[in-house]
Each structure stands twice: as structure tokens, then as C-alpha cells.
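Report on the following structure.
The values are calculated or read from the model by the stated rules, or taken from the named source; none is laboratory data. Being a predicted model, the structure only gives us computed values, none of them experimental. Positions of Cβ are generated from backbone atoms using ideal geometry, with glycine treated the same way; all protein chains shown enter the neighbour counts. Only protein heavy atoms, including side chains, enter the accessible area calculation; ligands, DNA and RNA are left aside. Shrake-Rupley method; radii C 1.70, N 1.55, O 1.52, S 1.80 Å.
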Amino acid sequence: MNSQILKTFNFIIKLCTFFIFPVGICFFIRQFGIQGGDLQSTVVSTVASLAGMIPKGMTLLTSSVLAVSVVRLSSKKVLVQDMYCIETLARVDVLCLDKTGTLTTDEMKVTEVISLDAGMEDIKKALSSVVSASDEINATLYAIKDYTDNVPAYECKKFVPFSSETKLSGGTFSNGKSYVIGAAEFVFSDKEKYKAVYEKIDEINQSVRVVVLASSDKELTGSALPDDLQPTAIILIKDKLRDNVKDTIDYFKEQGVSLKVISGDSVNTVRNIAIDTGIEGAENAVDMTSVTTDEQIKEIAESCNVFGRVTPAQKKKLVLALKANGHSVAMTGDGVNDVLALKEADCSVAMASGSDAARNVSQLVLVNNDFASMPSVVAEGRRTINNLERSSALYLVKTIYSVVLSIFFIFFSLEYPFEPIQLTLVDVFAVALPSFVLALQPNKNRITGNFTVNIIARALPAAACIIFSIVGLAFAKDSLALTNAEFSTISVYLTALSCMLLVLRLSVPFNLIRGIMIAVCFASLILLSLFFGSFFSLAQLSFGGNMILLAFSAFVILMFVIFDAIAQRFIKKY
């Protein structure tokens, strides 16, 4: 799974695990053995330092936000089979589209039959015979079946089913003839021998699927075609474009996502459909039957946007080539021939009307078979990532200052300022509540930068303010005549202030909900400190203590403004 969020959280958890045991042991030995503290106070201090290192609410927050996204998308007829794919789709810069079922509907209609060397009655009877003998009827055969409705069919003696590799099907029938339906390039592989057929096909300018009918007096033997194959008819089948498909294509183009159409249909058909939908570079469509090496595939994967006559193996190679070039790739499809490519894509999307295999390997399923649902998924992914980026920074602040302060107090003969109950007050109203409110707010901004770098850069200003202010207060404690209780209380207030400054910064631009959230958090911190201070182990500050608190608070605000400006420039640059 190519999820930056998952990778970032795994990295943070591993880092915390690496620090927590050696730091905890050293901290306990320093506080109890060297400084001669009593066991109870040492255990309380050690628990406070270690508990702060664990970003315990971050994983819960992420799971909750992703679960909400899944519910929201379900209301838009999108089935999410992997929660983290919501993030992946929002990050993709290349979207590979299958023509049939994605750009077009599964509804097809025979618009014209061009006779080459047979009467229309014979052509219809031959078509009806092939369709009747087919075990699995695809969209093309359905269109032919509707066209030949009520036409009696010959009894089939031997049948070769359709394959995505051979692009044809046919059989030997009771009238002594064999009939084959398929793509011209595969049925009439010798273009010189069947030059007249290809000249006829070249004259067709419509956005249609071209299928040929051929006949032979010899029996079909496996996939090898008889050498006396005679062109019988050219069948033109019209694909119906999906409603709003052009709007969806335009949306992705505006978002800077490259669109590539990969289809097993003829190049002319795919090119014309791509032009109709507004795909850039559709005029330079590539016939994949002429591409034979992996090096060629790597080259055209980057330079071209429309590919016709693509085999399942080539679809997979195109996706792999794009990923090798550093792209984040999403793939849409609905058939068995798309499965290999869907499995290799960073994000795979299937239509509910598609094959079971395509649905099973895909991370997203469009239940209403509507490609127009894709922008909703991208928008939901952006909301999730951008909001988690902001909210996760709040949890990371605590991890950073807890690790640094714990190491600092190991090397200096000073008392650790925090107790677990004090950190609970800060955690609830300066971290947990704001993080959940911010994580569920609307946000459609484009995703920029690296998730890990962004959350660290956002967390560092507040963490640095806490570290510098508490270290400075610890060194000045004796000269300022602060008691241990006052030192601890002021440290808690400075920590809460730093976290709330970050909450204010992350809440920009303000709205009513964010304003209420900030007011509730500030009021709760102040009121609980005043009326339930003893419960949270907060001491009543003397006049001197209040003056020191005000001075250090001004210092913290000034530091935060400076550090935050540096962090924002860093985020914009990288």
C-alpha cells in the first residue's frame, strides 16, 4: 500500500519505541538512584515523561477520519475496500482509463453492416450463429444479438470462445461453414492479402468499434485460423459515452492529473472516443500491436496518452513503466483483461457492473457504474489528508517535547515538571478536542509536499516553544525563588499556551465551528485550572509566580510567531 500516512505513523511509532525504553530506564535511574527521589514521585515523573512520548491519539484519529470518509463515499455510491486508498487516489498524478465501461457505457448498438461478399440474410444468419454458440456474451456480442434478433442460427459443431489475447471468436456450423468474428488486425493478420478490407475500414471516420465477419469452408482447429478465410462483412458498433464524462475529464485536467486511455479496442476507435471526451494528445494514439519491447513501452508510457489494441500483459507493463518513472498511478477497469494492471496500480477502481475478478482486486468500486463519482473520491481524499496533516501535528508536539525534555532532565539535576494528571488536562483541551474538530472540517485544497515533512514542520514551532521555555524556567527556578509546585504549574500553563497557539494557527482560515472550538478549549483550560486546580495537581501561584508566568507567556508567543514563520517558509519551499 503506497500510503504516506501509514508509512509516517509506522515511522513515528518505531522511533518512539526506539527511544522509550532506554530513555525511561535512564530517567528512572537518574531521578531515583542518583538524585535520591522517593519511589512514588520517581514513578509518577517517569510515567509522565514516557506517556508523553506516545502519540496515542494519532492512530485513533486517523482511523476515525478514514471511517467517516468511507461512510461519506458510500452515500455517493462508492464502495471503499481499502481505507487508505482514499489518500492514494487523492495523490495520483496519472489516471489510466479503460475505454469500455469507464468512458463509455456497456450499452452498444450496431449502427451499420457493410457487406463485403455476401447477402445481408446470410450475414445476419452467420452473426446469429456465432452469438448463439457463445457461452459468455460480452457487450459487443450483445449488440450483435440485438441486431440479429429472431434470426435462426445454424447448429454449432465446434466453437472457439473469445479471448482477450486473440480478440476473436468463432465456430464450425451445421451448414458446413466456419464463421469468425473479431478485430480486423487479428482475423485478417496479413494486411497485404486483405488490403481491400483495410481500405474500407480506413474510410470509416465515425467513433465506432469495428468488427469483421469472415467465413471459411474449412473446420476451425483451435486458435489457428483457416488459410482460405474470406471477408464477409464489416460491422460498425457504436459506443455510448457516459453522461458527464467530459466534465469529469475536465476536472482531472484542471487538477493537473495526466489521463491515459488504455484499451484493447482498435486504435481508430479508441482515438475517436478519446478525442470526443477531450483527452489531450489523443491524435497521437499508439497501436500496441507494433510495440514489441519493454524499452518501447517505457518510452511511450510517458510520451503518449492513448493506446489501442493493448493486451492484458501490456496494460500491466504500462502501469509499471509509469510507476518506475516516479508517478503515482490510478487504474480504472471492469474486465478480466484489466486485472493485472489493477493489481499493479497504486489505486485501483472498478465498476460494479464489471467482472468479479476486477471488483475483487480493486480498492474502490463505483456501485452506480458512474465515472463521474471519481471527483468526489478525490475531494474526500484531499479533505482527509489535509486535515490529518494539521491534526497530527498536535499529537507530534507532545512526542517531540516529551523526548527532548526527558533526555534533558536525565543530564541535569533538576526535577521533572510534569505529572500524568496535568498532561491529561492539556491533552484533552489543547490536543484531542481540537484535532477531531479540525480533522472533520471541509478542505478541498490541493495536496502539496511530503506528509511526514509537513507534520513535523508544523509541530516543531510549538514543541520548540515548550522546550525552550521550560528549560529556561528550570535554570532560572532557583534565582526566581520558585517552589517545585509553582515550577510545575507554570510549565503546564506554558505547554497549554504553546499548544493552543498551534491550534489557532491550524484553524486559519477561521469559521464559526473553529471559533466555537477555540473558545470552548480556552474557557475549559482556564476554568478547570481555576476551580479544579488541586485535582489536576496545579498550585495557586503567588504574585511573583503570576508575573513570571506573564513574562514567559510573552516570550512563548514571540518565539512561536518567529518559529512558525520559518516553518511556513520551509513547507512552501519543500
Using a ≥ b ≥ c from the Cα gyration tensor of the stretch 330-384 (square roots of the eigenvalues), is it rounded, prolate or oblate, where a/c under 1.5 gives rounded and otherwise the larger of a/b and b/c decides, a/b for prolate? oblate
Per-residue ³J(HN,Hα) for the stretch 417-428, Karplus 6.51 cos²θ - 1.76 cosθ + 1.60, θ = phi - 60°, Hz, x for Gly and Pro: x, 9, 10, x, 5, 5, 5, 4, 4, 5, 4, 6
May I ask which of K157/K193; K167/K193; K167/K238 have a Cα-Cα span longer than 24 Å here? K157/K193
Assuming 0.36 nm per residue, please report the length gained on full extension of the stretch S353 to F21 beyond their Cα-Cα distance. 114.2 nm
Spacing of the two label points (7 Å from each Cα toward its C-beta) at K238 and S524, in nm: 6.2
Once R0 is set to 35 Å, what does the formula 1/(1 + (r/R0)^6) return for the Cβ-Cβ distance between S376 and S189, expressed as a FRET efficiency to the nearest 0.05? 0.20
Amide H contacts of S355 (H built 1.01 Å from N, under 5 Å, at least 5 apart or other chain): G335, V336
With a 1.4 Å probe and every protein chain left in place, work out the accessible area per residue of the stretch 210-253 in Å², rounded to a whole number. 43
Consider a paramagnetic label point 7 Å from the Cα of K573 along Cα→Cβ; state which residues of the stretch 378-395 have an amide N under 18 Å from it. none
Leaving out ligands and nucleic acids, and using a 1.4 Å probe, what accessible area per residue does the stretch 440-491 come to in Å²? 41
Listed residues R458, R446, R72 arranged by accessible area, highest first, probe 1.4 Å: R446, R72, R458
For Rg and Dmax of the Cα atoms in Å, the choices are [x] 33.5, 110; [y] 23.2, 81; [z] 27.0, 88; which was calculated from the structure? [x]
Which of rounded, prolate or oblate describes the stretch 1-73 when judged by the alpha-carbon gyration tensor and an a/c cut-off of 1.5? oblate
Virtual spin-label span in nm between S64 and F531, 7 Å along Cα→Cβ: 2.4
Considering only protein heavy atoms, with the full assembly of protein chains and a 1.4 angstrom probe, order Y574, Y198 by accessible area, largest first. Y574, Y198
Sort 374-380, 109-115 by packing, meaning the average of other beta carbons within 10 Å per residue, with the highest value first. 374-380, 109-115
Between N450 and A551, 0.36 nm times their residue separation minus their Cα-Cα distance comes to what? 32.7 nm
Links that overshoot a 32 Å alpha carbon limit, given the list K323/K573; K253/K398; K99/K444; K76/K253; K158/K260: K253/K398; K158/K260
Residues of the stretch 73-91 with amide nitrogen under 17 Å from the 7 Å Cα-to-Cβ point of N368? 73-80
So, for the stretch 108-196, what is the accessible surface per residue at a probe of 1.4 Å, expressed in square angstrom? 53
Please work out how much length the chain gains when fully extended from S75 to D217, using 0.36 nm per residue of separation minus the C-alpha to C-alpha distance, in nm with one decimal. 45.5 nm
Under 13 Å between alpha carbons, and skipping anything fewer than 8 positions from K246 in its own chain: which aspartates and glutamates qualify? E254, D276, E280, D370
Separation of the I13 and D202 label points, Cα + 7 Å toward Cβ, nm: 6.2
Which loop-located chymotrypsin sites (Phe, Trp or Tyr not before Pro) does the stretch 441-534 contain, where loop means any DSSP state but H, G, I, E or B and the Cβ has at most 15 other Cβ atoms within 10 Å? F510, F532
Ordering of 269-275, 129-135 by burial proxy (mean other Cβ atoms within 10 Å per residue, highest first): 269-275, 129-135
Would you please give the residues with an amide H less than 5 Å from that of A539, counting only those at least 5 places away or on a separate chain, with H modeled from the backbone geometry? T489
With 21 Å as the cut-off, how large is the P(r) tail for the stretch 389-521, expressed as percent of Cα-Cα pairs? 44
With a ≥ b ≥ c from the Cα gyration tensor eigenvalues, square-rooted, and the rule rounded for a/c under 1.5, otherwise prolate when a/b > b/c and oblate otherwise, the stretch 480-574 is oblate
So who's got an amide H within less than 5 Å of the one on D239, skipping anything under 5 residues away but keeping other chains? H placed 1.01 Å off N, in plane. R209
With all protein chains present, how much of the accessible area of the chain (probe radius 1.4 Å) comes from carbon and sulfur, to the nearest whole percent? 59
